[in-house]
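The values are calculated or read from the model by the stated rules, or taken from the named source; none is laboratory data. Fair warning: this is a prediction, and the values are worked out from it, not measured in the lab. As a convention, Cβ positions derive from the backbone with ideal geometry for all residues, glycine included, and neighbour counts pool all protein chains shown. Surface accessibility is based on the protein's heavy atoms, side chains included, excluding ligands, DNA and RNA. Shrake-Rupley method; radii C 1.70, N 1.55, O 1.52, S 1.80 Å.
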Amino acid sequence: MLVLGLETSCDDTAAAVLQDGKKLLSNIINDQTRVHSRFGGIVPELAGRSHVDQVQKVIRQSLESAQVELSQIDLIAVTVGPGLIGSLLVGVNAAKGISYGLGIPLVGVNHLEGHLLAIFLQNQIEFPFISLVVSGGHTDLYRVDNFGQYKNLGRTRDDAAGESFDKVAKMLGQKYPGGPIIEKLAKDGDPGSHQFPRAYLEKGSLDFSFSGLKTSVKTYINKKQNENGGNSTINDIAAGFQEAVVEVLSKKIITACVKEGLNRVVVTGGVAANGALRKAVASECEKAGFKSWFPDPVFCTDNAAMIACAGYHKFKSSPESEADLLDLDATASLYLD
Ligand code: KG4
Ligand code: ZN
């Protein structure tokens, strides 16, 4: 079965061809970094326009790279939310057009389910397991019992972890997206030069909060500029901030495993591309006797292969009921459980 996946929920126009749920034939991503970087964040209107410009080209490239004809595609899977509505609509309408034109089924995929299932592009993991989806818009802990069976155990009460990386990078005069820049700066910094706060919330809570950390970094930078206080360099601040985020994320994963009595962990979403986070989670899991998996970085950040994979499993579990109709719509806010 050949699935064409389409992803346009945020600032990446992506298309991928996946064979039988695991053999990836192509994975094309046109990221809009150039469009948004000078604004320090995503400009929704520009994101939507860029998707309109790119979507047909990216679909064509994904077919060429997979060496398949559009007429050979059996199923089309598209992100329907959560995300920027103007961006989502471009992908959803392109997918509807292809579905109608070819007379093939269409499946709407929750972007978070795409991130959750990205690991199945490379590994077959036994259910149940704990998954942390950590991206620019979400920081969610799930118990995953099967394809389509997800229980949210905790989520951020304010900023997402990726959002805090982006905002701290901006405070440090860096461009968008901030995550990879902070990671690079942190490599030459001393995380112990200034101790930033860790928000663990109430005892045993699996929720997250990053806005206090962000404010603390801001206050520290202001103080340094105004009073010439502290010796920390920009690298030290990046390292101290990253360590605070990574510590909370990795410790809460272990708490989730203990609470649920599970010993398998998957970390996914854009921030899961971060080497320090991968290392910390792997090490905490090893200490606790748990196993951990991380998709390759290219499958952590937004891509259409994960959407094709989630769409394949959704359709396969019940083809009749899961096929969507042409009244399928995009939804900016969408939950998984
Ligand atoms: O999953 P994703 O591509 O898009 C969303 O669904 O949000 O995640 C993007 C987020 C951005 O906030 C970006 O700064 C962050 O992931 N990110 C990273 C790294 N690579 C991307 N954060 C920390 N370290 C990285 N290496
Ligand atoms: Zn994402």
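Would you work out what percent of the accessible area of the chain, with all protein chains in place, is carbon or sulfur (probe 1.4 Å)? Intermediate results must be reported in sequence, preceding the final value.
On the way: 7100 of 14520 Å².
Carbon and sulfur together cover 49 percent of it.
Would you kindly state how much longer the chain becomes between residue 122 and residue 170 on full extension, computed as 0.36 nm times their sequence separation minus their alpha carbon distance, in nm to one decimal?
Values: separation 48, 0.36 × 48 = 17.28 nm, distance 3.39 nm.
Length difference between fully extended and current span is 13.9 nm.
For helix 178-187, what angle does its Cα long axis make with the longest principal axis of the chain, in degrees from 0 to 90 and rounded to 10?
50 degrees
Taking 1 over the mean of 1/r across every pair of different Cα atoms in the range 18-116, what Kirkwood radius in Å do you get?
On the way: mean 1/r = 0.0683 Å⁻¹.
Averaging 1/r across every pair of different Cα atoms and inverting gives 14.6 Å.
Express in % the proportion of alpha carbon pairs of the chain at distances exceeding 39 Å. Don't skip to the answer; put the middle values down first.
Details: 7899 of 56616 pairs.
Tail fraction, whole percent: 14.
Nearest 5 percent is fine: what portion of the DSSP beta bridges confined to the chain is antiparallel?
60 percent
Loop sites only, by DSSP: take the GluC sites (Glu not before Pro) in the chain that have at most 11 other C-beta atoms within 10 Å and name the longest stretch containing none of them.
Values: sites that count: 69, 126, 202.
Answer - 203-337.
When ligands, DNA and RNA are left out and all protein chains stay put, how many square angstrom of accessible area per residue does the range 125-294 have with a 1.4 Å probe?
44 Å²
Helix 211-227: angle to the longest alpha-carbon principal axis of the chain, degrees 0 to 90, nearest 10?
It is inclined by approximately 50 degrees.
How large is the Kirkwood hydrodynamic radius of the range 125-294, counting all unique pairs of alpha carbons, in Å? Could you put the intermediate results ahead of the total?
Values: mean 1/r = 0.0616 Å⁻¹.
Evaluated over the range 125-294, this radius sits at 16.2 Å.
What angle do you read, to the nearest 10 degrees and between 0 and 90, between the alpha-carbon axis of helix 305-317 and the longest principal axis of the chain?
60 degrees
Taking amide H positions as placed in the peptide plane 1.01 Å from N, state which residues far from residue 68 in sequence (5 or more) or on other chains have amide H under 5 Å from it.
Amide H neighbours of residue 68: none.
Among the listed pairs 170/223; 291/316; 259/291, give every one whose C-alpha distance is greater than 20 Å.
In this structure, 291/316 exceed 20 Å between Cα atoms.
Given H placed on each backbone N at 1.01 Å, which residues far from residue 156 in sequence or on other chains put an amide H within less than 5 Å of it?
Distant-sequence amide H within range of residue 156: 139, 208.
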